[in-house]
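Below: one structure, written as C-alpha cells.
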Amino acid sequence: MVSVGVGVAALPGPRRAEVQAPFWGRTVLPHRFGFEVGWLWGVVRGRPRTSQNSADSLAAASPAPSFPSPPATIENKILNTVGAAVSVINTVDTSHEDMIHDAQMDYYGTRLATCSSDRSVKIFDVRNGGQILVADLRGHEGPVWQVAWAHPMYGNILASCSYDRKVIIWKEENGTWEKTHEHTGHDSSVNSVCWAPHDYGLILACGSSDGAISLLTYTGLGQWEVKKINNAHTIGCNAVSWAPAVVPGSLIDQPSGQKPNYIKKFASGGCDNLIKLWKEEEDGQWKEEQKLEAHSDWVRDVAWAPSIGLPTSTIASCSQDGRVFVWTCDDASGNTWSPKLLHKFNDVVWHQDRVQRMLGSPFDAGEEGGVPPPVGAALCLQVTLWKESVDGQWVCISDVNKGQGPVSTSVTEGQQNDQ
C-alpha cells in the first residue's frame, strides 16, 4: 500500500515566517513545540522561520517575526502507524532551548536528528524505547531549519541548513561527529536540503531565499563540486525534492539485463507560486524542464513520490493558498502533468509527502487489490491521513493527532473544480 502524507500547520506570524521542504523517510508529525515521528515514509512538519528567542537577524534574509517562546522541554513522540491506527511508542525529550523546526529518522530508524532555533543540531539513539544523546552539533549562527540523512552506504552523514545562509555537512568518524564541509554560497537563508538517490552518488540539493538552488556533489578526497541554478524561483525557493532513480515504466517494459538510462531530475517549489522540474543535461548543466501552475500563493512544499518502475510519476504540492494538489504524469516523455485537488484546507498547508509503508516488499500491490495510494494531512497542527479510492476520490481515513478513524468523506465536486 502506498500513502501520501500532507501537513497543514497554522502558526503565528506572517507568511514569510515558515518555509517547508520534503524528505523521504519515516514520518515526522508536528506536535505543538515538538514532533511526532511515525513509521510512514515521509515527513509532516510546521516550522517558523525564526522565533522570539533567536538572537540574530541577518539583513539579507527575510525579517524575523515574533513568536511565542516554547517551553524548555520539547517532546518528540515516536509513533507506530499501521493502516489508520496510530500509537505512541516512545517519547524523546530533546532539551532544545527553542522551537524545533525539523526531526528526521535515519535509514535504519535507530537514530533521530533534530534541529532548532537554538542553532543546534542534535542526534539521538532511540533504539529499544530509550534515548541517548549521541551528538550536540554547533556550527550554525542562526535558526536551523532542516536536516537530512544521506544514504548509509556513504557512512553516517547528515546535512543541515540555516537562516545564517550556510549548509553544513556533518560526518561521524570513529564515534565522533564533526563538520566535514560548509557551503556558504548563498546570499540569504537556506530553507531546504535534500539528498539525491544514492544511485547518483553523494549529491545534495539546497534551496534558498535568494532564489537560487545549489547542487553539491562529492568528488572524493574531501572535495565538493558546486553547481548553482540562479534565479530558480523569484523571491525565493522553499522546497526541493528528487525524483526516484527509477525509469517510469521500467517495471513492465525494461528488457532483462539491460542497464536503465537514469536521468537526474528534481522538483522545486517557490514564492513565485510555481513548481518547477529540473533535468540534468548531457553536459552536466541543469535545465528547467517544466513549470507546473495551479497554486495561487507561495508553494510551501513539493514531494516526488517513490517508485518501483510503474508507468505513472507522481508529485504532491502544497501552498499558502491552503490547497494540496497531486500531480500525475503517464506519458514516457514526462511532459504532461495533470493536477488533481486533494483538498482545500481553511489554513496554510506547510508540508505534504507521498509516503510508502514497507511491508517486507518494495510495494504491497496485493493489499486491497492494489488500490491507489493513501494520503495524510495536517490542519492547524493536526495531521490527517488520506487515501485514494478505486474511483479516484480522496478520502480522509484518520486524524493522527486525535487517533480517530475516518473523519471525512471524499473531496467534493466543488473542491475538484477549484483548480
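Can you tell me which residue in the range 118-134 is farthest from the chain's Cα centre (by Cα), limited to those that are closer than 26 Å to residue 218 by Cα and open to solvent by 10 Å² or more (accessible area, probe 1.4 Å)?
Restricting to residues being closer than 26 Å to residue 218 by Cα and open to solvent by 10 Å² or more (accessible area, probe 1.4 Å), the top hit is 134.
Looking at residue 115, is it buried (at least 24 other Cβ atoms within 10 Å of the Cβ), at pLDDT 95 or above and either closer than 23 Å to residue 223 by Cβ or out of contact with any strand residue (DSSP E or B) (no Cβ under 9 Å at 6 or more places or on another chain) (or both)?
Working: buried (at least 24 other Cβ atoms within 10 Å of the Cβ): yes; at pLDDT 95 or above: yes; either closer than 23 Å to residue 223 by Cβ or out of contact with any strand residue (DSSP E or B) (no Cβ under 9 Å at 6 or more places or on another chain) (or both): no.
When the stated conditions are applied, residue 115 does not pass them.
Counting residues that are buried (at least 18 other Cβ atoms within 10 Å of the Cβ), in contact (Cβ under 8 Å) with a residue 24 or more places away in the chain and among the polar types (S, T, N, Q), which strands (runs of 3 or more DSSP E) fully inside the range 234-324 reach at least 2?
By residue number, 237-242, 313-319.
Based on this model, can you work out whether residue 419 counts as open to solvent by less than 60 Å² (accessible area, probe 1.4 Å) and either touching a strand residue (DSSP E or B) at 6+ places or on another chain (Cβ under 9 Å) or at pLDDT 50 or above (or both)?
So residue 419 fails the test.
On the basis of being in a strand (DSSP E or B), within 16 Å of residue 230 (Cβ to Cβ) and in contact (Cβ under 8 Å) with a residue 12 or more places away in the chain, does residue 214 make the cut?
Yes, satisfied.
For the range 172-195, name all the residues that are in contact with a strand residue (DSSP E or B) (Cβ under 7 Å, 6 or more places away or on another chain) and surrounded by fewer than 24 Cβ atoms within 10 Å (Cβ to Cβ). Outline the logic, then answer.
Residues of the range 172-195 that are in contact with a strand residue (DSSP E or B) (Cβ under 7 Å, 6 or more places away or on another chain), as a first pass: 177-183, 185-186, 188-195.
Within the range 172-195, 177, 178, 179, 180, 181, 182, 183, 185, 188, 195 qualify.
Which pairs have Cβ atoms under 9 Å, sit 6 or more apart or on different chains, and link a residue in the range 154-171 that is closer than 18 Å to residue 117 by Cα and surrounded by fewer than 24 Cβ atoms within 10 Å (Cβ to Cβ) to one that is of a type in the set (Gly, Ala, Ser) and at pLDDT below 95?
Close Cβ pairs (under 9 Å, with a partner that is of a type in the set (Gly, Ala, Ser) and at pLDDT below 95) amount to 164/61; 165/60; 165/61.
When the range 277-293 is examined, which residues are found to be hydrophobic (A, V, I, L, M, F, W, C) and more than 20 Å from the chain's Cα centre (by Cα)?
Matches in the range 277-293: 286 only.
Checking residue 140 against (1) within 19 Å of the chain's Cα centre (by Cα); (2) within 25 Å of residue 300 (Cβ to Cβ), which test does it fail?
(1)
The values are calculated or read from the model by the stated rules, or taken from the named source; none is laboratory data. Please read all numbers here as calculations on a predicted model, not as lab measurements. With ideal geometry, Cβ positions are generated from the backbone for all residues, glycine too; neighbour counts draw on all protein chains shown. Side chains included, ligands, DNA and RNA excluded: accessible areas come from the protein's heavy atoms. Shrake-Rupley method; radii C 1.70, N 1.55, O 1.52, S 1.80 Å.
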